[in-house]
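Asks: Structure incoming, see below.
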Amino acid sequence: MDFWEIVWMVAFGYGTLGFAFIATNVIVKGFAEARSLLHELGGEEEKQEGRP
Amino acid sequence: MRFSTFDWTLVAVYVLLAFAIGMLARKRITNIADYLVAGRHIRYNLGVASLVATELGLVTMMYFAEQGYRFGFAAFIIGVIWAAAYFMIGQTGFVVERIRQLEIITITEYFQVRYSRGVRVLAASLLTIAGVLSLGVFLKLGAVFIVNFTDIPETSLHLTMTVLVVIVVIYTILGGMVSVVLTDYVQFVFLAIGMLMASVFVLHYHGVISIFEKARELYGAGAMNPFTHPEYGWTFIAYWAVFAVSGCVLWQPVAQRILASENPELNRRIFKSTSVMFLGRAFFPILWGIGAALYFGAAGDPTAGMPKFLAEILPIGILGFLAAGMFAALMSTDDSYLIAWSGIIVQDLIAPLRGKEISESGRVMLTRICVFMIGILMLIFGIWYELKDSAFRYLLDVTTIYYAGGLPVLVAGLYWKRANLPGAYLAFAFGAFLPLAFVAEDIILQARGIGEPGFFNELFSANMRGLMSFVLGFIGMGIGSIITGNSPALAGKQS
């Protein structure tokens, strides 16, 4: 194996693990934020219409 | 080909989900800030999902795979530099922190605050040219993937493109940025899982270690080193590094997410996390492209090779999951770009030029009309235009039209007190000249049916042309500002 093969192998491993880790976090916690976004925008709409 | 009814069902479920979200989001839109920046309510996880999903389009997979197919592992350098740029910005808050504090809707709006309305209109015009020219290719590459991956007859390519445009335009018009961000999240789920699974199957097919050995045999021993690679080398690395920084701070779909985040500090966190995701964003499709090259041989089609290869090796179910993810990638990128450029046209071209105030509902309506018009334009251009070089090269050129002037104008405006109006105009004029002349010449030659490379094609290599454009942009800003710097009428406003 030459130098660049090792570099790309390590980089690929790091990229894959990092991708999997952050993706798992984002998928799990992002769902609650998506619901909250809809709720907040809906809340503003209700305020504008004068509803409680 | 083994694309089954079950796989089609998975794709259909995703499309229906996207429409449902579009309808749901529509009810929540009350003003232009809701429509274009989701009311500035985007938090960390949704911000990361949306930023990654927007920049992880089907077109991205296709051009990265094409680079992998043609040039092997050396193409990984593209992902490394891009990730480094995001990390650097996340670490330092360079540009993104100051720009978010200004509470603006588009980056070009800043050009008016700092320089003048004319600079804003010029920047918006260049950005619209760059955006619309890229969008046509997005659609075409998306359709090439779907046709080759799902075994639809190749004669249906244009029909597939038309259907794709109709779907994307409808739900973007319905829900604006809210539906875009929410579908980005759904796309993120499908695509992140699909990409990881596809990469595992590619590595399983060729072998984790032996894929490197096979690649060495196919591309040659020196092909791993990007610094000495004939396609890349130092000029490309320098050009791509500046381009990547520009992409983080200037590209409207990315900037729109910076401006939509809840607060400036959040942007830095989002950029740092996204930098790691962007390694995978480049590495996975490049790996698939290399896998396809090893499967079909160097003489195969570098563009259609990756989808054909994946369709051959992936099992039923995973095939459908990845197809839904890819379909989602196409939709969420195209919708983000449609909304981004429609926003630019309304906020930065129509509104400043009209002079009179346009009501909130009027702006939303105009933006929706622009989404429709750009959809038609991208369909016509996508069907007519034939790429001469790789899609990656074409997209670099068209985007540099805006970046090469935009970067010095934005950075100098934020960090250099002497930056002024003539400097801004010169930066845009100098920076846009080479790539604009190259792309315009290419389109004219194609319209005339001439297949020969034009004057600007032969003047510099593609890497040198790009690098020179940025250098010229910075020179324009420097010369213009220093020579005319003493005139109070031309001095820039400090933001």
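The values are calculated or read from the model by the stated rules, or taken from the named source; none is laboratory data. Just so you know, these numbers come straight off a predicted model, no measurement behind them. Note that each Cβ is placed from the backbone with ideal geometry, even for glycine, and that neighbours are counted across all protein chains shown. The area values use the complete protein model at the heavy-atom level, side chains included, leaving out ligands, DNA and RNA. Shrake-Rupley method; radii C 1.70, N 1.55, O 1.52, S 1.80 Å.
Asks: Is it fair to say B:Phe212 is touching an Asp or Glu at 6+ places or on another chain (Cβ under 7 Å) and either within 14 Å of another protein chain (Cβ to nearest Cβ) or assigned to a helix (DSSP H, G or I) (or both)?
Replies: Details: touching an Asp or Glu at 6+ places or on another chain (Cβ under 7 Å): yes; either within 14 Å of another protein chain (Cβ to nearest Cβ) or assigned to a helix (DSSP H, G or I) (or both): yes.
Considered against the rule, which asks whether it is touching an Asp or Glu at 6+ places or on another chain (Cβ under 7 Å) and either within 14 Å of another protein chain (Cβ to nearest Cβ) or assigned to a helix (DSSP H, G or I) (or both), B:Phe212 comes out as yes.
Asks: Mind listing just one residue for me: the one in segment B:201-214 that is open to solvent by less than 60 Å² (accessible area, probe 1.4 Å) and under 31 Å from the mean Cα position of the chain (by Cα) and, of those, farthest from B:Pro307 (Cα to Cα)? Working first, answer last.
Replies: Of all residues in segment B:201-214, those open to solvent by less than 60 Å² (accessible area, probe 1.4 Å) come to B:202-203, B:206-207, B:210-212.
Now drop any that are not under 31 Å from the mean Cα position of the chain (by Cα), which leaves B:202-203, B:206, B:211-212.
Details: B:Val202: 12, B:Leu203: 16, B:His206: 16, B:Ile211: 18, B:Phe212: 21 Å.
Top of the filtered list is B:Phe212.
Asks: Among the residues of segment B:143-163, is any closer than 18 Å to B:Ala340 by Cα and either basic (Lys, Arg) or out of contact with any Pro (no Cβ under 7 Å at 6 or more places or on another chain) (or both)? Steps first, answer last, please.
Replies: Residues of segment B:143-163 closer than 18 Å to B:Ala340 by Cα: none.
The answer is no; no qualifying residue exists.
Asks: Could you tell me whether B:Met23 is modelled with pLDDT of 65 or more, of a type outside the set (Phe, Trp, Tyr) and buried (at least 23 other Cβ atoms within 10 Å of the Cβ)?
Replies: On the way: modelled with pLDDT of 65 or more: yes; of a type outside the set (Phe, Trp, Tyr): yes; buried (at least 23 other Cβ atoms within 10 Å of the Cβ): no.
Spelling it out, it is not the case that B:Met23 is modelled with pLDDT of 65 or more, of a type outside the set (Phe, Trp, Tyr) and buried (at least 23 other Cβ atoms within 10 Å of the Cβ).
Asks: Every residue in segment B:286-303 that is modelled with pLDDT under 90 and open to solvent by less than 10 Å² (accessible area, probe 1.4 Å), please.
Replies: Across segment B:286-303, there are no qualifying residues.
Asks: Out of all the residues in segment A:23-37, which are open to solvent by less than 20 Å² (accessible area, probe 1.4 Å) and within 11 Å of B:Ala49 (Cβ to Cβ)?
Replies: Start the filter on segment A:23-37 by keeping residues that are open to solvent by less than 20 Å² (accessible area, probe 1.4 Å), which leaves A:23, A:26, A:30, A:34, A:37.
The answer is A:Ala23, A:Val26, A:Gly30, A:Ala34.
Asks: If you check B:Arg100 against the conditions, is it in contact with a strand residue (DSSP E or B) (Cβ under 8 Å, 6 or more places away or on another chain) and more than 14 Å from every other protein chain (Cβ to nearest Cβ)?
Replies: On the way: in contact with a strand residue (DSSP E or B) (Cβ under 8 Å, 6 or more places away or on another chain): yes; more than 14 Å from every other protein chain (Cβ to nearest Cβ): yes.
Taking the combined requirement at face value, the residue satisfies it.
Asks: What about B:Thr333, is it open to solvent by 10 Å² or more (accessible area, probe 1.4 Å), closer than 30 Å to B:Thr5 by Cα and of a type in the set (S, T, N, Q)? Don't jump to the end; show me each part of the working.
Replies: Values: open to solvent by 10 Å² or more (accessible area, probe 1.4 Å): no; closer than 30 Å to B:Thr5 by Cα: yes; of a type in the set (S, T, N, Q): yes.
So B:Thr333 fails the test.
Asks: Go through segment B:447-463 and report how many residues are assigned to a helix (DSSP H, G or I) and surrounded by 15 or more Cβ atoms within 10 Å (Cβ to Cβ). If you could, list the steps in order and put the result at the bottom.
Replies: Taking segment B:447-463 as the starting set, the residues that turn out to be assigned to a helix (DSSP H, G or I) are B:447, B:455-459, B:462-463.
When the remaining residues are screened for being surrounded by 15 or more Cβ atoms within 10 Å (Cβ to Cβ), the result is B:456-457, B:462-463.
Final tally of qualifying residues: 4.
Asks: Of the residues B:Ala198, B:Ala192, which is buried (at least 24 other Cβ atoms within 10 Å of the Cβ) and modelled with pLDDT under 90?
Replies: On the way: B:Ala198 fails: modelled with pLDDT under 90.
Unique residue meeting the criteria: B:Ala192.
Asks: Further question on the same structure: Which one is surrounded by the most Cβ atoms within 10 Å (Cβ to Cβ) among residues in segment B:28-86 that are at pLDDT below 75 and of a type in the set (Phe, Trp, Tyr)?
Replies: B:Tyr35
Asks: Now for a different question. Search segment B:261-272 for residues being surrounded by fewer than 24 Cβ atoms within 10 Å (Cβ to Cβ) and assigned to a helix (DSSP H, G or I), and hand back the single one that is farthest from the other protein chains (Cβ to nearest Cβ).
Replies: Going residue by residue through segment B:261-272, those that are surrounded by fewer than 24 Cβ atoms within 10 Å (Cβ to Cβ) are B:262-266, B:268-269, B:272.
So of that shortlist, the ones also assigned to a helix (DSSP H, G or I) come out as B:264-266, B:268-269, B:272.
Numbers: B:Pro264: 18, B:Glu265: 17, B:Leu266: 12, B:Arg268: 15, B:Arg269: 11, B:Lys272: 10 Å.
If we take residues in segment B:261-272 being surrounded by fewer than 24 Cβ atoms within 10 Å (Cβ to Cβ) and assigned to a helix (DSSP H, G or I), then B:Pro264 is farthest from the other protein chains (Cβ to nearest Cβ).
Asks: Looking at segment B:215-258, which of its residues are over 17 Å from the mean Cα position of the chain (by Cα), crowded, with 16+ Cβ neighbours inside 10 Å and part of a helix (DSSP H, G or I)? Break it down into steps so the answer makes sense when it comes.
Replies: Here is the first cut: in segment B:215-258, the ones over 17 Å from the mean Cα position of the chain (by Cα) are B:215-238.
Narrowing the set further to residues that are crowded, with 16+ Cβ neighbours inside 10 Å leaves B:215-216, B:219, B:223-226, B:229, B:231-233, B:235-238.
Selection gives B:Ala215, B:Arg216, B:Tyr219, B:Ala223, B:Met224, B:Gly233, B:Thr235, B:Phe236, B:Ile237, B:Ala238.
Asks: Tell me the residue from B:Phe438, B:Phe428, B:Phe433 that is of a type in the set (Phe, Trp, Tyr), within 26 Å of B:Ile89 (Cα to Cα) and outside any loop (DSSP other than H, G, I, E, B), please. Even if it seems obvious, please write down each step before you answer.
Replies: Working: B:Phe438 fails: within 26 Å of B:Ile89 (Cα to Cα); B:Phe433 fails: within 26 Å of B:Ile89 (Cα to Cα).
Of B:Phe438, B:Phe428, B:Phe433, the one residue that is of a type in the set (Phe, Trp, Tyr), within 26 Å of B:Ile89 (Cα to Cα) and outside any loop (DSSP other than H, G, I, E, B) is B:Phe428.
Asks: Might you let me know whether segment A:22-36 holds any residue that is part of a helix (DSSP H, G or I), over 12 Å from the mean Cα position of the chain (by Cα) and modelled with pLDDT under 90? Before the answer, list the steps.
Replies: First, pick out the residues of segment A:22-36 that are part of a helix (DSSP H, G or I): A:22-36.
Imposing the further condition that a residue be over 12 Å from the mean Cα position of the chain (by Cα) reduces the set to A:35-36.
Now drop any that are not modelled with pLDDT under 90, which leaves A:35-36.
Yes, segment A:22-36 has at least one match.
Asks: Continuing with the same structure: Could you grab me the full set of residues in segment B:118-133 that are surrounded by fewer than 24 Cβ atoms within 10 Å (Cβ to Cβ) and modelled with pLDDT under 90?
Replies: The answer is B:Thr128, B:Ile129, B:Val132, B:Leu133.
Asks: Can I ask one more? Among the helices (runs of 4 or more DSSP H) confined wholly to segment B:314-422, which include 2 or more residues that are basic (Lys, Arg)?
Replies: Details: elements: B:318-344, B:351-354, B:360-384, B:391-415.
Filter on segment B:314-422 gives B:360-384.
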